[in-house]
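Working notes for the structure below.
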């Protein structure tokens, strides 16, 4: 009876939407929300990798990151991690870990403690050479050049005699090598005997890397200051020398 009255007076009842439409709309909204979230996470991840995410969000944090990226203000810890990252990228740390039967984390820890002294030794070579970069470049070539790095990366056992030859030039004596290994042991917690085995292999990796970089810079000249500039970058632009600090603690001179 009520329905008849409604129809008689012209009341219009709007038909309800089918349930499947509601489901489709809900699913579509969920997909859009998920796509937006994925896009945001991808942007945030790329920004973090480039070291700019905080700068984009917080100007003050961006200024702090810019200061850290400057060579002259890089802290020692940052410098050590930067060099270790380079060696890991080349596959050198993995090769050392495999050959010496240690974990990659141990290899990275040992390299972090040893490499600054190796770079310090090369820095002394640059300073002592009458021809500076050119003299060190010639020395790197005589020591084996880029082949030093390739030797460590090869599947065959490393010819560590080449690494000991490098150490003889940059450290001068086995006493200095022992002091460097002992200092690294106190920093890394690894056994000095293991670090002494790592030392010539790391010296080969560093020397080979610098030789390859020198060859690349000669093919495509860049205002980087040659090997001296490369060393300065790897050392984080520090004015001192990590090797001098180690020898001073050990009461030795070079």
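The values are calculated or read from the model by the stated rules, or taken from the named source; none is laboratory data. All values reported here derive from a predicted model rather than from experimental measurement. Please note: Cβ atoms are built from the backbone with ideal geometry, for glycine as well, and neighbour counts cover all protein chains shown.
Here residue 62 passes the criteria (1) assigned to a helix (DSSP H, G or I); (2) in contact with a helix residue (DSSP H, G or I) (Cβ under 7 Å, 6 or more places away or on another chain); (3) modelled with pLDDT of 60 or more except the one numbered (3).
Take residue 172 and tell me if it is assigned by TED's automatic domain parsing to the domain that holds residue 111 and in contact (Cβ under 8 Å) with a residue 40 or more places away in the chain. Yes, satisfied. The condition of being in the same structural domain as residue 240 (by TED's automatic domain parsing), outside any helix (DSSP H, G or I) and within 13 Å of residue 207 (Cα to Cα) holds for residue 145. Scan segment 166-201 for residues that are closer than 13 Å to residue 122 by Cα and assigned to a helix (DSSP H, G or I) and the total you get is 5.
For residues that are under 25 Å from the mean Cα position of the chain (by Cα) and free of Cβ contacts under 8 Å to residues at least 24 places away in the same chain, scanning just segment 186-204, find the one that is surrounded by the most Cβ atoms within 10 Å (Cβ to Cβ). The residue in question is 196. Is there a residue being under 26 Å from residue 98 (Cβ atoms), surrounded by fewer than 19 Cβ atoms within 10 Å (Cβ to Cβ), touching a helix residue (DSSP H, G or I) at 6+ places or on another chain (Cβ under 9 Å) and touching a residue at least 24 places away in the same chain (Cβ under 8 Å) anywhere in segment 117-137? Within segment 117-137, not a single residue is under 26 Å from residue 98 (Cβ atoms), surrounded by fewer than 19 Cβ atoms within 10 Å (Cβ to Cβ), touching a helix residue (DSSP H, G or I) at 6+ places or on another chain (Cβ under 9 Å) and touching a residue at least 24 places away in the same chain (Cβ under 8 Å).
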